[in-house]
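Okay, structure first, notes after.
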Amino acid sequence: MEHRYKAGQRVRFAPGLLSRNAAGGTYEVTRQLPPGVDGEHQYRIKNVHEQHERVVKESELQRA
């Protein structure tokens, strides 16, 4: 199964219960990561309003 999003693509982050402090708005995918323990693809994403990147699951992202 292939990743749905590519590096450089803009996405919207819909955080799960553990990610409540995430900045809202649009993020950019900076890197595709291998699937996590649950088998779901993961990504590194960056928001212009934050200095750090986040690692998120594919199910937490939507096309921008």
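Bear in mind that the values in this text are calculations on the coordinates, not laboratory data. Keep in mind the model is a prediction, meaning the values are calculated, not measured. As a convention, Cβ positions derive from the backbone with ideal geometry for all residues, glycine included, and neighbour counts pool all protein chains shown.
Below is a table of values for the structure above.
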quantity: Neighbour count of at most 16 Cβ within 10 Å plus DSSP loop: longest GluC sites (Glu not before Pro)-free window in the chain; calculated: 3-39
quantity: Three-way shape call for the range 10-63 based on the alpha-carbon gyration tensor, with the a/c threshold at 1.5; calculated: prolate
